[in-house]
């Protein structure tokens, strides 16, 4: 374990509250604002409504404050992360990953470029730069894009109108073991008519060590800058133009290449008009453009040694351009009945250029080749109707028109060989429908029972249709769309000393898109091993239980339990990449200005697996043992607006890996002592945050 010198600098910064406390007493006092809580969250907040959880990503939390979206989501019961290195893991909800989980950034869809998932959408998210994260579990909404069979996650920024000229913001510094340091500045200034917001983030870490002290190839550096200009002529009108640019690099322990570039360029426009008439409550308009320029190579972040077979380093440089828009109309069709109607559209084009010898044939001189084009347009409607004092009905319908084209002339079947593409210039046009129905009833004061049925039809994504093969040909472009029908049942209580939530789901998936590796296929006079997409039928079921309470007003107790079980009905075996039973227990002592806490995370052994089967991120490798991790935290508010938090994760430096994580790779200069990429060992961290404004 190494503690960065950054921690020393951070300690000096922590002395600043003393100076602030000595400021001129005659200065005008700012309008009082809510003080940040000193309580460190160790489990996610309980659902605010059936199947919906809303979180504040600026609130203190443990484990180590997240540097990407997947790490943040991991703290929510039902979520897991497929680890590949120090960053850019893929989030998994109830065993479902990839495009089964819709990820939206300020309402925009962002699709990564890497064919091996170095950059899932959450890789471009620094959670603390957002104001709210909303999770909807299951296919229980139709408002936010297609194919959300597992759920929907929205990372959102909210810009409140200034009633008078002023400014507000948050700044934070964080340092920890293995050279980890994060810097964040989020500031907004404006008047009642205009506002300007700027956000800058940077996150860096050296290679971490697992519990045995083995160094993992995992270092990274990421940064982002976001700016927004808004016009707010009234409380009911808002127009906003925004832009984002981010980049970075990351080393990976699970593959032969690293990420040398993660450039994202974004521009977006949003308009919102409220209370136009007695019937028209809201009109929303949005348009955006996202461009991702990704580069991966085998020499920037690792040692490369020339050989006869590889005289120069390899470089792959994919990119993706995504354009989209949305229009939604919020209507009040009766006194308590709301109807949302709208349409959205999204188109993305993927290209790639590569070289087997960067020194002799630089990738910048190569021509970009189109290798996939996707487009969908949809209409949707969602009704919210309370038809008695205790009964509530929600339902929605969505229709997506999909178009996809395969422009590839050849398909690479090995690193050195390609074959003609059997689906060259093929096009697909399909209409897929989704919908849901949910009934909610308040069974007694503060307690709600709900039951819902949802159906989602999901078109094959780039990683399933383009970057994989089929069982019979070198192209998986004709893989059938996936159809999920799911029952959701639950109960939640949100009043009194005890808050509790129980949820259960049962899902049947027709034509589940299974990714299978090491499939033997004919090749010339012999055979070769390929990774294919194939359709199977599947069943998953499980749920989550959560409870939170305070004892004597100062002792906080949080506990959660999450379990998912999956069956591959076609192959009569376990469905792959299903995480095991997981339990969390959090104990915290809260005072007026400080808090201390304990987190215990226990994960059961997983002996249900299907070797070489899985999803677009990874495949099962075998059974895994159970483990328990203990972490400690503390929080302190030394002065108005200031918050100091600290923690030690994996207190006993347990060596362990998540069941669904990727397999390790041989990397020059690094020992490989595990099947999967191990999690970090004992990790210390310290964070200082300042909320300011007037």
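The values are calculated or read from the model by the stated rules, or taken from the named source; none is laboratory data. No experiment lies behind these values; they were computed from the predicted model shown. Positions of Cβ are backbone-derived with ideal geometry, glycine not excepted, and every protein chain shown enters the neighbour counts.
Residue 278 fulfils the conditions (1) modelled with pLDDT of 95 or more; (2) surrounded by fewer than 20 Cβ atoms within 10 Å (Cβ to Cβ) except for a single criterion, (1).
When residue 110 is tested against (1) closer than 28 Å to residue 454 by Cβ; (2) at pLDDT 95 or above, just one condition goes unmet, and that condition is (2).
The requirement of being surrounded by fewer than 19 Cβ atoms within 10 Å (Cβ to Cβ) and modelled with pLDDT of 95 or more is satisfied by residue 651.
Every condition in (1) surrounded by fewer than 18 Cβ atoms within 10 Å (Cβ to Cβ); (2) in a loop (DSSP other than H, G, I, E, B) holds for residue 423 except the one numbered (1).
Does any residue of the range 395-408 turn out to be in a loop (DSSP other than H, G, I, E, B) and under 22 Å from residue 138 (Cα atoms)? Looking for residues that are in a loop (DSSP other than H, G, I, E, B) and under 22 Å from residue 138 (Cα atoms), one finds none in the range 395-408, hence no.
Condition check ((1) crowded, with 19+ Cβ neighbours inside 10 Å; (2) more than 30 Å from residue 180 (Cβ to Cβ); (3) at pLDDT 95 or above) across all residues:
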| site | (1), (2), (3) |
| --- | --- |
| 226 | yes, no, yes |
| 232 | yes, yes, yes |
| 242 | yes, no, yes |
| 274 | no, yes, yes |
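Could you tell me whether any residue of the range 345-363 is closer than 30 Å to residue 50 by Cα and surrounded by 14 or more Cβ atoms within 10 Å (Cβ to Cβ)? So far as the range 345-363 goes, yes, one or more of its residues are closer than 30 Å to residue 50 by Cα and surrounded by 14 or more Cβ atoms within 10 Å (Cβ to Cβ). Between 673, 604, the distinction of being surrounded by fewer than 23 Cβ atoms within 10 Å (Cβ to Cβ) and at pLDDT 95 or above belongs to 604 only.
Here the range 431-460 is the region considered, the condition is being assigned to a loop (DSSP other than H, G, I, E, B) and surrounded by fewer than 21 Cβ atoms within 10 Å (Cβ to Cβ), and the residue that is modelled with the lowest pLDDT is 445. The selection criterion, being more than 28 Å from residue 58 (Cα to Cα) and in contact with a strand residue (DSSP E or B) (Cβ under 9 Å, 6 or more places away or on another chain), holds for residue 609. When residue 326 is tested against (1) more than 26 Å from residue 207 (Cβ to Cβ); (2) surrounded by 15 or more Cβ atoms within 10 Å (Cβ to Cβ); (3) more than 26 Å from the chain's Cα centre (by Cα); (4) modelled with pLDDT of 95 or more, exactly one condition is not met: (3).
Okay, residues lined up against (1) assigned to a strand (DSSP E or B); (2) touching a residue at least 60 places away in the same chain (Cβ under 8 Å); (3) surrounded by fewer than 21 Cβ atoms within 10 Å (Cβ to Cβ); (4) in contact with a strand residue (DSSP E or B) (Cβ under 8 Å, 6 or more places away or on another chain):
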site: 628; (1), (2), (3), (4): yes, no, yes, yes
site: 633; (1), (2), (3), (4): yes, yes, no, yes
site: 639; (1), (2), (3), (4): no, yes, yes, no
site: 647; (1), (2), (3), (4): yes, yes, no, yes
site: 660; (1), (2), (3), (4): no, yes, no, yes
site: 667; (1), (2), (3), (4): no, yes, no, no
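For the range 205-223, the count of residues that are in a strand (DSSP E or B) and over 23 Å from residue 71 (Cα atoms) is zero.
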